[in-house]
Structure formats: C-alpha cells, structure tokens
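Report on the structure given below.
The values are calculated or read from the model by the stated rules, or taken from the named source; none is laboratory data. The model shown is predicted, which means the values in this text are computed figures rather than measured ones. Here the Cβ is made from the backbone with ideal geometry for all residues, glycine too, and neighbour counts use every protein chain on show.
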C-alpha cells in the first residue's frame, strides 16, 4: 500500500513542479559562488546508509570530505529506504522544498528525468565515456535518458545463481557442470525436487527468488536469451522470446517450487537447503554468525546463459535535483560519495559492490566468495536496460500481471501484449 500511495502522490506532485517552484525554499542559490564562501543547507535523500551507528559514522565521513570544499554549508540528510523513497521525493516536490541530491535505483532515472526532476549531469562533465572509464559501463543505460546522463553509479547490486553441491551429487548431477539455459535448468530442477508420499514439495528444485514476484526473474531469464526488456524506452518483450520465457516460469511454479514459498528469515531457500538451486543476492556470510563454513563449502555459483551469459545488476545511483539551488555543491557532494573508501564502506554496509572500475579487487569482493563471483560478472550485467518514463508504475503492473499469467488466471500472450501497450 505504501508504494502505491507513493506513486499516486508522485503523479499529483509532478504537476505542481512549475507552479510550486521556489515555494518554501529559503536558501539563495550558491551556484557560481566560490565554494569557500557558499552558505546554506544541502538536502540529501539517500537509502545507502543504514540506520545504524556504523551507517551514521560512515555518512559523517562523507560530510567531512564535502566540508573541505564547502566549509560553510550544512548538510541535511534524509535516510530513506527504497520503500518510502517515492513518497519522500514526491512530497518534497509538492511542498516546494526539493532535495539537492537524491539516490535512487535502476529503473528510477528515466521516469524522474522525463518529468524534469533530475538535472543533466552533462553540465558537470559526466558522459558515457566517463562512466565507462571510471565506473560500471553496463549501468550506462540505467543512468541515461534520451542520450543524456542523469545519475552517477555508486553501488552495484548483483544477483547470481547458487546450487547445493550435495543435492546435485545425490541426484546424480555434476555440480561442476551446472545447467545454465532455461531448458537445462528445468530438467535439473525436476530431478532435484523432492516430494512426500502425498506429492507435496518438500525441497524445491529451483527457487525463483521467493516465487511471489516475477518481474525481476522475467527480466533476468529474458535477458539470458539475448533479449533486453526495453530498447530506447520501447518494449522488447512482446515477442517469441518473451512468451517462451513467461511460459517457462509458469511451467516451474507448483512443479519444482510451490507458489509463494518463503522461509521465516526471507533468505534464499538454497542457503537453508529448502531448495537445491536458486537465485541469490550479491554477498554471503560464511562465518559462524552467518551460514557457517560448511554451508558455504556446499555452495557453487553460476550465471544464466540461454544464448547470452548474463548477471542481473541493480544499483544505487546519485542524481542532482533539477530545482536545486545548490547544483554545484550537489555535484561536489556526489564526488565525495564516489571516493573509493566511501564506496567500499557503503558496499560493506549494504552487501553490494562498489561501482568503480576495479570492483573485482575491492575489499567487498575479497570478503566472501559470492561477492567475488558477482564482481567478476559485472561485464555481463543486465537489467531493465532503458525503461519508459512510466516505469515506476509499470513495475507494479509487471508484478501483478505476470503473476496472473503464471497462475493460469490470464493468457500469457495477452498479458505481454497488455504490458507492452501500457509501456507506451
């Protein structure tokens, strides 16, 4: 409900951008003022620093670095979460008190850039070539809109696939030669699925990331066929590959995994042994406080490949508000956020990867085998690619309508056609 409400507020709020411009904003613009003389308050919204002592400590370091250049400016943080990010941004617009710096995720840039809420970072020299040389080149489509850059990558949030070595051996499968294509995965998953005498699944053959929301799995599996979800904001899934992918998901649910299956900890089922294979996040704790070394030793990671080797990658992306009166200071703050030591700290706090060029050699990548694996896979990164300006709404349309198709409530072909029509 919170997310739906946030979207409704956003739609209403963007209509107020022109009329509310300047309302409630007290600070004079510092753009063009020498940094050492600039005064005022920089408002930053970011979900990248958890509400913990460690999170606040690391954020204070960012402020200290920013203050070296802007010693007279104050920084007012709003430590949002991805659940209330929409709501906070839209409320700030309606109130006429915009944020100067906003950190959002993949799929958020296009809607906000289209509504002129984010500023063009080209004004600060940020180009695709700059991101390619300093950051994760595969995230360029995620930070672009109409060939302009509206965000700078901070963190990469990668996904992998994991299998239990012991389960594979028990089923007579070779864990050193894991299935990677959709067809291969289904065959293996059916062999790995365990049932009781009544036919109820007691161990899933494959965990589709919780089996309740199919948007990201659909994007991931489709990309593994070499088919991006969107190309230049145009739908690219209402086709043969899209239908094959959706029907494959449908064939897996209640066959190798019960619909809605989750554990109390809401952790990947392959970690607890409740699934033999499954989609996992980008980090794993092998200590005794985490999964333990024995469990980690029983895990092997791989990537999907149904014609194209891929790794789903989201991320934290930093933007400047188009109505900010402190755009130059806002970019300086982003420069502080992108210091390697800061990105390393943020990566550890969020169990993600720093989005700098050599992420494979980052402390986070070296801290655990899963982060090392996904860091090495960043060249294979995929996501929604270049979604349309109504993507924040479309995310929820995908979740609800794909579920209806998977559960046999609606025809898969008609669902994809509907979603394609709604994307324009």
(message) For a quick check of your reading: which strands (runs of 3 or more DSSP E) sit entirely within segment 235-324 and have at least 3 residues that are more than 25 Å from residue 381 (Cβ to Cβ)?
(response) none
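Based on what the data block shows, is residue 129 surrounded by fewer than 21 Cβ atoms within 10 Å (Cβ to Cβ) and either touching a helix residue (DSSP H, G or I) at 6+ places or on another chain (Cβ under 8 Å) or within 21 Å of residue 315 (Cα to Cα) (or both)?
yes
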(message) Kindly evaluate residue 136 against the criterion of being crowded, with 21+ Cβ neighbours inside 10 Å, at pLDDT 95 or above and either under 15 Å from the mean Cα position of the chain (by Cα) or within 19 Å of residue 321 (Cβ to Cβ) (or both).
(response) no
(request) Sort out which residues of segment 377-424 are over 30 Å from residue 361 (Cα atoms), touching a residue at least 24 places away in the same chain (Cβ under 8 Å) and part of a loop (DSSP other than H, G, I, E, B), and write them in order of number. (result) 387, 388, 389, 390, 407, 408, 423, 424
(request) Hey, can you tell me all the residues within segment 223-262 that are in contact with a helix residue (DSSP H, G or I) (Cβ under 6 Å, 6 or more places away or on another chain) and either without any contact (Cβ under 8 Å) to a residue 60 or more places away in the chain or not assigned by TED's automatic domain parsing to the domain that holds residue 181 (or both)? (result) 227
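Identify the residue in segment 263-272 that is in contact with a helix residue (DSSP H, G or I) (Cβ under 8 Å, 6 or more places away or on another chain) and free of Cβ contacts under 8 Å to residues at least 24 places away in the same chain and, among all such residues, is farthest from residue 217 (Cα to Cα).
265
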(message) Quick test for you: out of 215, 203, pick the one residue that is touching a residue at least 60 places away in the same chain (Cβ under 8 Å), surrounded by fewer than 24 Cβ atoms within 10 Å (Cβ to Cβ) and in contact with a strand residue (DSSP E or B) (Cβ under 6 Å, 6 or more places away or on another chain).
(response) 203
(request) Confirm whether residue 369 is modelled with pLDDT under 95, in contact with a helix residue (DSSP H, G or I) (Cβ under 8 Å, 6 or more places away or on another chain) and not assigned by TED's automatic domain parsing to the domain that holds residue 32. (result) no
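Conditions tested, residue by residue: (1) under 26 Å from residue 31 (Cα atoms); (2) in a strand (DSSP E or B); (3) in the same structural domain as residue 350 (by TED's automatic domain parsing); (4) at pLDDT below 90.
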| residue | (1), (2), (3), (4) |
| --- | --- |
| 77 | yes, yes, yes, no |
| 81 | no, no, yes, no |
| 91 | yes, no, yes, no |
| 102 | yes, yes, yes, no |
| 123 | yes, no, yes, no |
| 129 | yes, no, yes, no |
(message) Exactly one of these conditions fails for residue 110: (1) assigned to a helix (DSSP H, G or I); (2) touching a residue at least 40 places away in the same chain (Cβ under 8 Å); (3) over 20 Å from the mean Cα position of the chain (by Cα). Give me its number.
(response) (3)
(request) Only residues that are within 23 Å of residue 357 (Cα to Cα) and either in contact with a helix residue (DSSP H, G or I) (Cβ under 9 Å, 6 or more places away or on another chain) or buried (at least 23 other Cβ atoms within 10 Å of the Cβ) (or both): list them for segment 102-124, please. (result) 102, 103, 104, 105, 106, 107, 108, 109, 120, 121, 123, 124
